[in-house]
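Remarks on the structure that follows.
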Amino acid sequence: MAMIIDGKAAAQALRAEVGREVEALLAEQDVRPGLAVVIVGDHPASRAYVRTKTRMAEAAGIAARLIELPAEIGTAALLERIGELDGDPDVHGILVQLPLPDTIDEAQVLLAISSAKDVDGFHPANVGALFSATRPDPDRLLVPCTPLGCLHLLRQTLGADGLKGQEAVIVGRSNIVGKPLAALLLAADCTVTVAHSRTRDLADVCRRADILVAAVGRPGLVRGGWVKPGATVIDVGINRIEGEDGGSRLVGDVAFAEAEKVAGAITPVPGGVGPMTVACLMRNTLTAARLQSGG
Ligand code: GUN
């Protein structure tokens with residue numbers, strides 16, 4: 001049976017470390033990192049995520065603001081609100097929760113956050129810096145939170161040098177996870193394949209992987225038979241499905257009960273990558289505050 005990778009414990013340790021560094025920044029430079037989280041509309045899962053993000057930020061000593069805006073706000077008014085936050089010296093990080101309502105121009109909104117305050121790492125300047133760096137340094141560069149969390153869990157599981165030369169397959173090519181994670185794993189000396197919904201013989205491609213990452217949002221897509229024996233499996237999916245009892249439960253993109261019999265190590269859902277995403281947002285907010293205050 002696979003070792004279960006405890007993302008909750010890893011995230012708790014990372015948040016505690018960020019908390020200590022936040023206090024040090026406050027003591028040394030009189031700067032308290034500030035985070036603004038913007039949510040538009042009433043997507044229930046997104047509302048729960050943003051509440052967790054602001055609550056965890058406060059617990060780490062970060063001054064967090066949750067800005068809840070109606071779905072009807074429109075692109076122009078949203079841009080104006082983001083412009084105000086971007087000009088506020090107490091706000092070091094801005095996150096606009098995705099997805100946005102269809103009526104809003106997402107690309108324009110993300111461009112309105114200056115690259116220095118882009119704690120999601122979605123700004124083209126940050127994306128370009130990540131892809132062009134030979135050794136991207138998360139203390140100097142804002143890297144997307146979920147891929148950063150995946151990398152942290154992989155390093156913890158495989159050791160600092162354990163990624164070198166490994167065959168990594170990422171299923172999913174999103175800007176939030178698949179593409180930036182490919183850049184991080186390439187920089188960590190993995191041989192990287194990015195597979196997606198049009199990939200031929202997806203199961204065969206996955207079976208090559210020493211490191212298999214599923215980030216597509218399709219419950220149980222990756223079956224036990226797709227996993228190479230002993231592989232490390234990182235499940236980024238968070239899907240709510242109907243249970244037999246009429247209630248609902250969260251499952252990942254990996255058929256966990258099958259995959260844990262084959263893998264060497266595997267992240268659970270919930271309690272795997274999800275908590276790491278939030279912890280990495282705290283880390284990025286601290287990094288943004290440090291960089292903006294000259295450190
Ligand atoms: N929606 C799902 N994941 C994310 C994320 O990492 N950042 C933002 N802004 N929205 C998301």
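The values are calculated or read from the model by the stated rules, or taken from the named source; none is laboratory data. Since the model is a prediction, treat every value here as computed from it, not as a measurement. Here the Cβ positions follow ideal geometry from the backbone for every residue, glycine too, while neighbour counts run over all protein chains shown.
Would you confirm, using the coordinates I've provided, whether V31 is more than 12 Å from M282 (Cα to Cα), out of contact with any helix residue (DSSP H, G or I) (no Cβ under 8 Å at 6 or more places or on another chain) and of a type in the set (V, I, T)? No. Where residues in segment 89-103 are away from the ligand (no atom under 13 Å from the Cβ) and surrounded by fewer than 20 Cβ atoms within 10 Å (Cβ to Cβ), which of them is nearest to Y49 (Cα to Cα)? Residue satisfying both the conditions and the ranking: P101. From the list G74, G121, the one residue that fits, being among the small types (G, A, S) and crowded, with 19+ Cβ neighbours inside 10 Å, is G121. Does P229 meet the test of being more than 16 Å from the ligand (Cβ to nearest atom) and either free of Cβ contacts under 8 Å to residues at least 12 places away in the same chain or not in a strand (DSSP E or B) (or both)? For P229, the condition - more than 16 Å from the ligand (Cβ to nearest atom) and either free of Cβ contacts under 8 Å to residues at least 12 places away in the same chain or not in a strand (DSSP E or B) (or both) - is met. The set of residues from segment 31-64 being within 25 Å of L291 (Cα to Cα), of a type in the set (A, V, I, L, M) and in contact with a strand residue (DSSP E or B) (Cβ under 6 Å, 6 or more places away or on another chain) comprises L35, A36, V37, V38, V50, A57, I62, A63, A64. Residues in segment 167-221 that are among the aliphatic types (A, V, I, L, M) and part of a loop (DSSP other than H, G, I, E, B) were compared, and the one that is farthest from A2 (Cα to Cα) is I176.
For segment 133-145, a tally of residues being crowded, with 22+ Cβ neighbours inside 10 Å and of a type in the set (S, T, Y) returns 0.
In segment 75-100, the residue that is nearest to A64 (Cα to Cα) out of those that are among the aliphatic types (A, V, I, L, M) and free of Cβ contacts under 8 Å to residues at least 24 places away in the same chain is A77.
Taken together, the residues in segment 126-158 that are over 21 Å from A10 (Cα atoms), away from the ligand (no atom under 16 Å from the Cβ), assigned to a helix (DSSP H, G or I) and aliphatic (A, V, I, L, M) amount to 1.
Hey, does segment 41-48 have a residue that's at pLDDT 95 or above and within 12 Å of T285 (Cα to Cα)? The answer is no, given that none of the residues of segment 41-48 is at pLDDT 95 or above and within 12 Å of T285 (Cα to Cα).
Among the residues of segment 42-52, are any among the polar types (S, T, N, Q) and surrounded by fewer than 18 Cβ atoms within 10 Å (Cβ to Cβ)? Yes, because at least one residue in segment 42-52 is among the polar types (S, T, N, Q) and surrounded by fewer than 18 Cβ atoms within 10 Å (Cβ to Cβ).
Step by step: first the residues of segment 239-287, then only those that are farther than 20 Å from A2 by Cα and of a type in the set (S, T, N, Q), then the one that is surrounded by the most Cβ atoms within 10 Å (Cβ to Cβ). Which residue is that? Looking at residues that are farther than 20 Å from A2 by Cα and of a type in the set (S, T, N, Q), I get T285. When segment 235-264 is limited to residues that are of a type in the set (D, E, K, R), assigned to a loop (DSSP other than H, G, I, E, B) and under 24 Å from G178 (Cα atoms), the one that is farthest from the chain's Cα centre (by Cα) turns out to be E260.
Checking segment 214-221 against the condition returns a match, with at least one residue being away from the ligand (no atom under 16 Å from the Cβ) and either surrounded by fewer than 16 Cβ atoms within 10 Å (Cβ to Cβ) or on the phi > 0 side of the Ramachandran plot (or both). Considering V169, V177, the condition of being away from the ligand (no atom under 16 Å from the Cβ) and crowded, with 18+ Cβ neighbours inside 10 Å is satisfied by V169 alone. In segment 1-21, the residues that are farther than 14 Å from V269 by Cα reach residues that are among the polar types (S, T, N, Q) with C-beta atoms within less than 7 angstrom, at least six apart or across chains, in these pairs: A10/Q156.
Scan segment 73-88 and tell me whether some residue there is away from the ligand (no atom under 13 Å from the Cβ) and closer than 24 Å to R240 by Cα. No: zero hits.
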